[in-house]
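Novice: Here you go, one structure.
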Amino acid sequence: MTAEDPFTTCPTCHNNEYIECPECQGERIVHCLLCNGTGKNRETGARCLQCGGDGKTRCLRCNGVGEIRCPDCRSARVLGA
């Protein structure tokens, strides 16, 4: 990528514009941060209200999609976006 030719192939996503979410590895769900994936409230031992007791929640980084926009394309404007 050069300043003269900003529309070259992105080394990260190869101009696909989206990459697999690094937080959930494309699985769309992660361990609940409130209960640490146990499904129970740490203080009371009751069912976790955040995840409903299963210990998993939707990934907040990709909003449960499994992919995010390529950060290299956005910063270098490879796609002209």
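The values are calculated or read from the model by the stated rules, or taken from the named source; none is laboratory data. Worth saying up front: this structure is predicted, and the values here are computed from it rather than measured. Because the Cβ atoms are built from the backbone with ideal geometry, glycine has one as well, and the counts that use them run over all protein chains shown.
Novice: Please go through (1) modelled with pLDDT under 90; (2) surrounded by 13 or more Cβ atoms within 10 Å (Cβ to Cβ); (3) not small (Gly, Ala, Ser) for CYS62 and return the number of the only condition it doesn't satisfy.
Specialist: CYS62 satisfies every listed condition except (1).
Novice: Does ASP5 satisfy being at pLDDT 90 or above, in a loop (DSSP other than H, G, I, E, B) and out of contact with any Cys (no Cβ under 7 Å at 6 or more places or on another chain)?
Specialist: In short, no.
So that you can scan it fast, the table gives a plain yes or no per residue for (1) in contact with a Lys or Arg (Cβ under 9 Å, 6 or more places away or on another chain); (2) farther than 21 Å from CYS73 by Cα; (3) at pLDDT 90 or above:
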| site | (1), (2), (3) |
| --- | --- |
| ASN15 | no, no, no |
| ILE19 | yes, no, yes |
| CYS24 | yes, no, yes |
| ILE29 | yes, yes, yes |
| CYS35 | yes, yes, yes |
| LYS40 | yes, yes, yes |
| ALA46 | yes, yes, yes |
| GLY52 | no, yes, yes |
| ARG58 | yes, yes, yes |
